[in-house]
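Before any comments, here is the structure.
The values are calculated or read from the model by the stated rules, or taken from the named source; none is laboratory data. Because the structure is predicted, anything quoted here is derived from the model rather than measured. Using ideal geometry, Cβ is built from the backbone for each residue, glycine included, and neighbour counts are taken over all protein chains shown. Only protein heavy atoms, including side chains, enter the accessible area calculation; ligands, DNA and RNA are left aside. Shrake-Rupley method; radii C 1.70, N 1.55, O 1.52, S 1.80 Å.
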Amino acid sequence: MKSSMMTGAYLLSTGSALPDISISNEMLSKVVNTSDEWISTRTGIKERRLISETMSIIDLAYSASNQALQKAKLHAQHLDLIIVATSSPNDLFGCASQLQAKIGATNAAAFDITAACSGFIVGLITASQFIYTGSYKTILIVGADILSQWVDWSDRNTCILFGDGAGAAILQANQKNYILGFQLNTNGFESNQLCLSYTKTSSQSYHNDLLGIKQGQFSHITMNGKEVYKFAVSKVPESITQCLNELNLSTDDISWLILHQANQRILNTVADKLNIPHYKLISNLQYYGNTSAASIPIALDEACKKGQMKNGDIIVMSGFGAGLTWGTVIIQWHS
Ligand code: UT7
């Protein structure tokens, strides 16, 4: 139903799903030259979850979405739109439509968003715009990634970091707006610092000189860890500060800080730069590693399940990663 009236939005419910297979640092140290000591002290990660051979990204997204729907006491047919933020779809044409079919959201449009570890933030902001214009009332946003399928398992610089997972949130129209503000940024000049590139150099790819065709394939994740680290600890605090200033809020007003779960040292440094005490910092990367677009909605859902969010709490969520992209959403909890 369309309307020209501006309306508000709030987060109605959340859900999350993680694969059962857990890989500890000790197990990884049998695959690459690393140790539990190195991984724990440099990243805070102790284990990560990986999908099984028979599981797909859609299974994870389905299970997270069902949880969010059940918590909201909604049927999938109530959904107007589904946004899946992922950089590891099982179909390059998009995987949101498969999720739409699997949950039976027959009245919903569905599309993917690719923004790597900032994906959930971009998805949430996109969803809120559809609600503000009155185009849609109930939107499911899913952050899901299975980067285990894309890391080079012989590269100790990257393979120790990532895990698989999915998180979901339902955003619904409301008279009052609880999505207080946002801030988004992109610096494409530094895109080479973290990529999963399509290359035409593979010898296994199809070449045809007559037709002038040279097909390639996607390679593995490559990352300049040091540069991405420096980027995150300098740009994320700036983004949060700018967003707070626009809302006339101070860091003291923040109840919870949910950052993309990339590295515990990044989380701590960002909190310290903003003078935010660590008890307000939500962290689960010890258990799951970096789950890319899924990390923020999983952390949000776990905090909700623990009963940490209270009515009126101010929650700051920031994502950052490949692109390079980074951004912040500030919401007020409404239960
Ligand atoms: O979601 C996307 C966002 N991504 C990120 O936020 C990643 C940001 N970057 C990081 O989190 C960190 O840079 C890493 C965890 C990736 C690396 O930590 P670091 O403290 O920056 O280590 P480094 O790359 O400077 O490497 C230090 C040493 C090197 O050895 P030398 O040259 O000093 O002899 C590396 O070869 O540690 C070595 N190293 C390892 N040693 C054991 C690198 N990886 C490993 C490993 N195990 N897995």
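Which order do peptides 114-120, 12-18 fall in by mean Cβ count within 10 Å, highest first?
Details: 114-120: 28.3, 12-18: 24.3.
Descending packing order for the listed peptides: 114-120, 12-18.
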| task | Compute the accessible area per residue over region 207-259, keeping the other protein chains in place, probe 1.4 Å, unit Å². | result | 58 Å²
| task | Take the chain, connect every pair of alpha-carbon atoms lying under 10 Å apart with a spring to form a Gaussian network, then pick out the residue of ASN185, ASN275, ASN284 with the largest mean-square fluctuation. | result | ASN275
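Just to confirm the filter: which chymotrypsin sites (Phe, Trp or Tyr not before Pro) across region 127-209 are DSSP coil and have at most 11 other Cβ within 10 angstrom of their Cβ? Walk me through the numbers before you get to the answer.
Details: sites: PHE130, TYR132, TYR136, TRP150, TRP153, PHE162, TYR178, PHE182, PHE189, TYR198, TYR206; in loops: TYR136, TRP150, TRP153, TYR178, TYR206.
Those that pass, being in a loop and sparsely packed, are TYR206.
Counting only protein heavy atoms and using a 1.4 Å probe, what share of the accessible area of the chain belongs to carbon plus sulfur, as a whole percent? Can you show the working numbers first?
On the way: 7710 of 15050 Å².
Roughly 51 percent of what the probe reaches on the chain is carbon or sulfur.
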| message | Roughly how far apart, in whole Å, are the Cα centres of region 44-80 and region 99-122? | response | 12 Å
| So for the chain, taking the charge dipole from beta-carbon charges (+1 Lys/Arg, -1 Asp/Glu), which of PRO297, GLY323, GLN204 sits furthest toward the positive end? | PRO297
| said: Using the crude model of +1 on Lys and Arg Cβ and -1 on Asp and Glu Cβ, and no other charge, please compute the dipole size for the chain relative to its Cα centre, in debye to 20. | reply: 460 debye
| Within straight-line cross-link reach of LYS30, aspartates and glutamates at Cα separation under 16 Å, skipping those fewer than 8 residues along the same chain | GLU47, ASP152, ASP155
| note | Candidate cut points under trypsin sites (Lys or Arg not before Pro) in region 200-269, DSSP loop plus at most 14 other Cβ atoms within 10 Å of their own Cβ, are LYS200
| Which listed residue (GLN215, PRO277, ALA101) has the Cα farthest towards the positive end of the charge dipole for the chain, taking +1 on Lys and Arg C-beta and -1 on Asp and Glu C-beta about the Cα centre? | PRO277
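Using 18 Å as the Cα-Cα cut-off, could you pick out the over-long pairs in LYS46/LYS235; LYS273/LYS305; LYS137/LYS176; LYS176/LYS306?
Working: LYS46/LYS235 26 Å; LYS273/LYS305 29 Å; LYS137/LYS176 13 Å; LYS176/LYS306 26 Å.
Over 18 Å apart, Cα to Cα: LYS46/LYS235; LYS273/LYS305; LYS176/LYS306.
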